[in-house]
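Undergrad: Okay, handing you the structure first.
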Amino acid sequence: MPKIGTDLQTILEPNPSCPRLPPEILYHIFSYFDLSSPENTDGVFDLMAASMVCREWCEVARPMITDEHIEESQFMDEEIDDKFPENLQRFASLLSTSKILGMNYCTKVNIVIIAINEFLGSPQCVDDARTLTNLPTKPEDHDALFTILALTTPTQLIVQIDKPAGYAPDRLHAREQFLSRLAPHFGVHALTLHLPRDEQPPDPQFASLVHVARASLSKVTLLGRPDPMTRDALSLCVDVRTASIFNGHAPTTDSILKGWRALRSINLLWPAGRVVETVSGMGDTLGDALEDIYVIGSPIMEEAEAAEVAGVLEAVVSRCARLERLYAGASEFPTMSFNYINDGVLRAMARNCKEIRLLDLAPGLGLTAAGIWDDETAPQWPKLRCLNVWNEQVVPEFVERVVLGCGALEEVYMVTEVSEDPGVMRAIEQRGFEWVCDRLWRRPASDSSVVEREEARIAT
Amino acid sequence: MSDPANITLVTMDGTTFTVPSAYLHRSKLVQDWLRSEGDKQAMEVKHVTPFVLQGVLNFCEIHAEDTSEPLADPADPTKPFEADPRDDAFRGMPDDQLLQFTMAADILQIPELVRLTAQEMASRIDGKSPDQIRAMFNPDDLAEEDVDSDNEMGEVGEEGAISK
């Protein structure tokens with residue numbers, strides 16, 4: 001094993017008695033390691049190991065590994081399986097060796113998943129055997145995790161939080177120790193928390209971790225319901241720009257959002273519940289800096305709930321002059337379900353949102369766009385680049401006006417009912433759009449999908 | 001002038017092997033030599049030990065009557081590697097010998113053997129640490145192992161000729 005402090009130059013000196021394989025043969029050997037998929041972690045690890053054998057091997061193997069191979073290696077961001085501890089230890093060992101050798105390997109990894117319960121082991125598990133609830137429990141597993149965290153910069157931590165209430169004192173102590181080791185590595189930009197869905201008592205240990213991230217956190221994904229202390233710690237992360245909240249607890253979500261005044265992008269997904277309970281307070285709590293709003297509720301939206309959500313959205317849209325994208329609804333039953341974006345919301349967008357780039361008119365009752373664009377209330381959407389009309393009830397006149405009136409428009413998708421309108425098709429031809437496929441038209445100057453570019457921009 | 005039906009190969013220490021030329025029709029090095037210098041008595045195969053050359057010739061003998069098109073390139077992606085049970089002995093050899101066979105296959109330019117040994121080396125590296133890989137293909141042990149292995153695989157006659 002190379003000793004610390006010895007550099008690559010001396011460690012990897014060619015051995016004069018070494019029967020050297022020529023580079024093309026080494027390349028042929030190493031090409032058997034499959035790097036074609038991020039899921040195939042073994043190939044990346046094998047090639048990393050080969051690159052640390054000797055200088056000749058390094059010169060061939062190292063260029064075969066790109067930063068993306070390591071960054072996108074997926075073993076740490078998927079569900080934990082029985083190979084997880086082995087991969088964890090191998091990756092930590094390779095990173096340590098490469099550090100000793102002074103090899104310039106990428107130190108960024110996309111995601112590190114930390115399932116607290118599995119690192120602590122199941123309370124019911126009494127032997128050393130690794131089971132699905134007792135996988136990375138050994139001291140060497142913990143050491144490997146913290147080695148990786150020390151030697152890399154994860155772009156995102158995913159933490160699966162356990163329920164410490166009812167733990168025996170020794171397990172509670174082990175948890176405290178584990179979390180305190182984790183604390184120095186918690187200054188991340190992106191954090192995903194898998195929380196219990198039911199109410200939990202205050203968890204000061206985990207809340208203190210969130211406090212560590214307060215200065216750096218800009219992107220948060222919450223699944224489940226934070227305990228009161230973690231909730232308060234989250235609401236103090238005032239630099240959060242992007243938030244996604246799935247099936248949360250409405251008052252808790254509302255309380256957290258009150259602290260995130262700098263929020264630029266919010267995704268609220270309530271597929272199993274009434275989204276109105278969460279968005280009801282949004283009209284007051286959300287800041288004015290929002291650029292992107294994405295709201296999905298249950299597949300069937302009743303008129304009363306949809307109207308209430310639309311009222312909130314109308315208030316938010318009226319305030320958020322920087323809004324670039326609003327997506328709400330996506331009903332699976334457009335003929336019997338109402339849309340969160342109704343004519344009132346669309347009218348508010350027409351009046352206030354000059355930054356709109358992507359306009360999605362989802363299926364659902366209550367949205368016709370009639371009268372939104374007349375001679376007196378013509379929207380000012382100079383940056384609108386993509387119009388998606390999924391809603392059959394939208395009047396063709398609106399689409400025709402948007403196509404003719406928005407100079408930056410590059411891409412239009414329309415349902416059949418709209419695309420068969422002669423006025424719409426005249427406008428499409430007049431502006432020089434060309435049919436691409438299905439019911440999609442694009443102006444020839446746009447070389448790639450606006451939607452793809454918008455998605456990439458929003459992700460960035 | 002040597003017998004055109006046979007070819008004599010001389011290893012690094014002067015041991016000679018006389019085998020039918022047809023055995024080596026997949027060796028580009030031998031085929032080139034036969035075309036340009038076939039009138040000479042023997043072809044020198046420097047850097048290859050008798051034991052390793054013996055093994056290579058065994059491989060060639062096993063595959064002498066194969067009708068498949070000779071591989072132009074061992075890495076040809078259009079012809080994926082398929083394990084051949086006749087090569088099990090080669091896949092079972094110790095690590096240091098495997099390394100030497102890989103080198104010999106490259107020297108003699110036998111793409112089929114290069115592919116076999118390269119694939120086997122890759123599968124042995126699979127899952128190993130750098131230290132383990134170094135231990136497996138430790139170059140310092142090769143010379144001694146060679147001597148011992150010569151006796152184990154035997155069958156090399158006085159002049160190293162393969163009896164058919």
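Undergrad: Rounded to the nearest whole Å³, what is the per residue volume of the convex hull around the Cα atoms of the stretch B:6-153?
TA: Enclosed volume per residue, from the Cα hull, is 118 Å³.
Undergrad: Quote the relative contact order of the stretch B:6-153 in percent (integer), defining contacts as alpha-carbon pairs under 8 Å separated by 6+ residues.
TA: 26 percent
Undergrad: In addition: Taking amide H positions as placed 1.01 Å from N in the peptide plane, with prolines and chain starts having none, which residues 5 or more places from A:Tyr327, or on another chain, fall under 5 Å of its amide H?
TA: Residues meeting the amide H criterion: A:Ile293, A:Tyr294, A:Val295.
Undergrad: Using the structure shown, select from A:Lys83/A:Lys163; A:Lys138/B:Lys128; A:Lys83/B:Lys128; A:Lys108/A:Lys383 the pairs with a Cα to Cα distance greater than 23 angstrom.
TA: A:Lys83/A:Lys163; A:Lys108/A:Lys383
Undergrad: Kirkwood hydrodynamic radius, computed over distinct alpha-carbon pairs, for the stretch A:207-277: how many Å, to one decimal?
TA: 12.1 Å
Undergrad: To the nearest whole percent, what portion of all C-alpha pairs in the stretch A:24-116 is separated by more than 20 angstrom?
TA: It works out to 33 percent of all Cα pairs.
None of the figures in this text is laboratory data; all of them are computed from the coordinates on show. In this text the structure is predicted, and so the values were computed from the model without any measurement.
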